[in-house]
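Student: Structure provided below as structure tokens; questions to follow.
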Amino acid sequence: MTNYQSKIDHYTTLCQNKNTSWQSINPEFASRMNLQNRFKTGLDIAKYTANIMREDMAAYDADNSQYTQSLGCWHGFTAQQMMMAVKRHQKTTKRSYVYLSGWMVAALRSEFGPLPDQSMHEKTSVPALIEEIYTFLKQADARELDHLYKALDEAKSRGQATQEITAKINNFETHVVPIIADIDAGFGNEEATYLLAKKMIEAGACAIQIENQVSDAKQCGHQAGKVTVPHEDFLAKINAVRYAFLELGVEDGVIVARTDSLGASLTQKIPVSQSPGDLASQYTAFLDTTEIHNVNDLTDGEMAIKLNGKLCKPVRLDNGLYQFKEGTEKARVILDCVTSLQSGADLLWIETEQPNVNQIAELVNSIKEQVPNAKLVYNNSPSFNWTLKFREQVYSQWETQGKDLSRYPNPNVNAKALMAPELDNTELAREADKLVQNFQQDGAREAGIFHHLITLPTYHTAALSTDILAEGYFGELGMLAYVRDVQRQEIRREQASVKHQDLAGSNIGDTHKEYFSGENALKAGGTANTMNQF
């Protein structure tokens, strides 16, 4: 909470101490500008938001209905509009975060052009986007406070009471919220991970998400060909991120350890076991092997390892990668998660192939047997066909219950037939939509999901809204496509974007010109400004 008058008193005393040299400085104007830029550095933001996340995690531990959410943003403007919308509609930004997706950085922010999610984009583009996002969120603060200052001045000029407006200034809630930032697999070895983590934290990141794939063979979590690293390699990178947080004084920094083992069948190297039952030997035990009885069972270039007292030949592909045994996926996920939490990670991320609360709960409950307060960050991914998967779940449930399904296509014969638009108003579709609507609260309650995010939503919303506008504008609707489907909707939803000059900072600039130049200020506003039409 801010005390507006105390801030003014501080600057009044400061200016008075400078005698006549600062006589042109208005203490109230200086106070306003200081409050409009509450966070002076990215580290200020990281420390502030890390504390928020820790408080939210404790609140979730006490009441699992208190889960948190975020949407992935690929530009500062999308993050700004998201948080302005949250604050306008929900009246608070509490438990709302920003997610920074490595996938969208690769697809939309690389100087190479659109890239797949394989860590081929410039690593510096990640901290640059974090800084950009917080620049836009801070500008949202400045704009809203500027409006309050103008309202305060108008009330004063009319001789009206100002207590209510001053209270709004004192209790102003910032748009600056925690960001969970994707560092992929660290973009190199543990030193490279540490160096990049520092840049991300200095830009404002309080939470860094890192995955257990091989850095130079990294794949999107929802594609094939994923290759994981031994635990010792992954834990070294978790340590690297923690040291980066501690070096920069962000002691509450949050590490999200992501495992891709549920969909990964390959590893690049076999770790060396130092003692029976250690992590290296547990990892090696997951390998797909063939028992050999003498050296003649090996050909030139092949290798053998001793497992459970037997000499075995690991299955090795032509590219030199080693294959895991089928059916070990869940056990590998559980071991990944337990060791990560026991070695400094704060939250887990399990990449799954479908959004199924029961499947997620099975994994998390197994983890909780060893780490009772385990919590999950879950990717509500656009890579899932949510409509199809939940209609399949309802169909399967009703089939088990013996319910008449004759009016619905059998997904075992033709699953995509369940997507037919004519099914949208059926009982099955309505039940599936209800499950989708309740997925996050069900997951928070049943599956230990502390944070729900959608990785790529603004990629899809930008594509969809542009497609709709282009179809109408270049088609028969012409200008009506924009007026009816964009501007009129902005006006009726009371979106700040309809006054785009103000949102971009025009009024803030005019205010500052008045501070700096007084009556001589050349301002962009006034009666001739077409923004007044709104």
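Student: When only residues in the range 466-485 that are within 28 Å of residue 100 (Cβ to Cβ) and touching a residue at least 12 places away in the same chain (Cβ under 8 Å) count, which is surrounded by the fewest Cβ atoms within 10 Å (Cβ to Cβ)?
Tutor: Once the filter is applied, the top-ranked residue is 468.
Student: What are the residues in the range 307-340 that are out of contact with any Lys or Arg (no Cβ under 8 Å at 6 or more places or on another chain), in a strand (DSSP E or B) and closer than 30 Å to residue 371 by Cα, if any?
Tutor: If the condition is that a residue be out of contact with any Lys or Arg (no Cβ under 8 Å at 6 or more places or on another chain), in a strand (DSSP E or B) and closer than 30 Å to residue 371 by Cα, then 307 is the only one that fits.
Student: Taking the criterion of being surrounded by fewer than 17 Cβ atoms within 10 Å (Cβ to Cβ), over 29 Å from residue 87 (Cβ atoms) and hydroxyl-bearing (Ser, Thr, Tyr), would at least one residue in the range 501-518 satisfy it?
Tutor: So far as the range 501-518 goes, yes, one or more of its residues are surrounded by fewer than 17 Cβ atoms within 10 Å (Cβ to Cβ), over 29 Å from residue 87 (Cβ atoms) and hydroxyl-bearing (Ser, Thr, Tyr).
Student: Consider the range 347-403. How many of its residues are under 25 Å from residue 184 (Cα atoms) and of a type in the set (Lys, Arg)?
Tutor: Result for the range 347-403: 1.
Student: State all residues of the range 222-251 that are surrounded by fewer than 19 Cβ atoms within 10 Å (Cβ to Cβ) and of a type in the set (D, E, K, R); if no residue qualifies, say none.
Tutor: 232, 247, 251
Student: Of all residues in the range 363-414, which are among the aliphatic types (A, V, I, L, M), surrounded by 19 or more Cβ atoms within 10 Å (Cβ to Cβ) and under 27 Å from residue 459 (Cα atoms)?
Tutor: 376, 377
Student: What pairs can you find where one residue is in the range 10-30 and farther than 23 Å from residue 156 by Cβ, the other is surrounded by 14 or more Cβ atoms within 10 Å (Cβ to Cβ) and hydroxyl-bearing (Ser, Thr, Tyr), and their Cβ atoms are less than 8 Å apart, with a gap of 6+ or different chains?
Tutor: Matching pairs, first to second residue: none at all.
Student: Within the range 434-534, considering only helices (runs of 4 or more DSSP H) that don't extend past its boundaries, which have at least 3 residues that are over 17 Å from residue 150 (Cα atoms)?
Tutor: 457-473, 479-482, 488-492
Student: Answer with yes or no whether residue 362 is under 30 Å from residue 287 (Cβ atoms), in contact (Cβ under 8 Å) with a residue 60 or more places away in the chain and either assigned to a loop (DSSP other than H, G, I, E, B) or not polar (S, T, N, Q) (or both).
Tutor: Answer is no for this residue.
Student: Then there's this: Could you identify the single residue in 281, 340, 273 that is surrounded by 15 or more Cβ atoms within 10 Å (Cβ to Cβ) and under 19 Å from residue 258 (Cα atoms)?
Tutor: One residue alone meets the criteria, 340.
Student: Going through 352, 299 one at a time, which residue ends up being of a type in the set (Val, Ile, Thr), loosely packed, with under 14 Cβ neighbours inside 10 Å and part of a loop (DSSP other than H, G, I, E, B)?
Tutor: Testing whether each residue is of a type in the set (Val, Ile, Thr), loosely packed, with under 14 Cβ neighbours inside 10 Å and part of a loop (DSSP other than H, G, I, E, B) leaves just 299.
Student: Here's something else I'd like to know. Might you let me know whether the range 61-84 holds any residue that is among the small types (Gly, Ala, Ser) and surrounded by fewer than 17 Cβ atoms within 10 Å (Cβ to Cβ)?
Tutor: yes
Student: Give me the residue from the range 443-455 that is touching a strand residue (DSSP E or B) at 6+ places or on another chain (Cβ under 9 Å) and not β-branched (Val, Ile, Thr) and, out of that set, surrounded by the most Cβ atoms within 10 Å (Cβ to Cβ).
Tutor: 451
Student: Please verify whether the range 304-326 includes one or more residues that are of a type outside the set (Ser, Thr, Tyr), under 27 Å from residue 455 (Cβ atoms) and touching a residue at least 12 places away in the same chain (Cβ under 8 Å).
Tutor: Yes.
Student: Same structure, new question: What pairs can you find where one residue is in the range 190-213 and on the phi > 0 side of the Ramachandran plot, the other is buried (at least 24 other Cβ atoms within 10 Å of the Cβ) and outside any helix (DSSP H, G or I), and their Cβ atoms are less than 8 Å apart, with a gap of 6+ or different chains?
Tutor: Close Cβ pairs satisfying both conditions: 204/179.
Student: Within the range 112-138, how many residues are surrounded by fewer than 20 Cβ atoms within 10 Å (Cβ to Cβ) and either out of contact with any helix residue (DSSP H, G or I) (no Cβ under 8 Å at 6 or more places or on another chain) or at positive phi (or both)?
Tutor: The total comes to 3.
Student: Go through (1) out of contact with any strand residue (DSSP E or B) (no Cβ under 6 Å at 6 or more places or on another chain); (2) outside any loop (DSSP other than H, G, I, E, B) for residue 181 and report which single condition fails.
Tutor: All conditions pass for residue 181, except number (1).
Student: Now for a different question. Checking the condition surrounded by 12 or more Cβ atoms within 10 Å (Cβ to Cβ), touching a Gly at 6+ places or on another chain (Cβ under 7 Å), of a type in the set (S, T, N, Q) and in the same structural domain as residue 369 (by TED's automatic domain parsing), which residue from 458, 426 passes?
Tutor: From the options 458, 426, the qualifying one is 458.
Student: Only residues that are of a type in the set (Gly, Ala, Ser) and either within 20 Å of residue 93 (Cα to Cα) or touching a strand residue (DSSP E or B) at 6+ places or on another chain (Cβ under 8 Å) (or both): list them for the range 157-173, please.
Tutor: Matches in the range 157-173: 167 only.
Student: Can we say residue 368 is under 20 Å from residue 329 (Cβ atoms) and charged (D, E, K, R)?
Tutor: Yes; evaluated as a whole, the condition is true for this residue.
The values are calculated or read from the model by the stated rules, or taken from the named source; none is laboratory data. Model, not experiment: these values are computed from the prediction. Here Cβ is always computed from backbone atoms with ideal geometry, including for glycine, and neighbour counts include all displayed protein chains.
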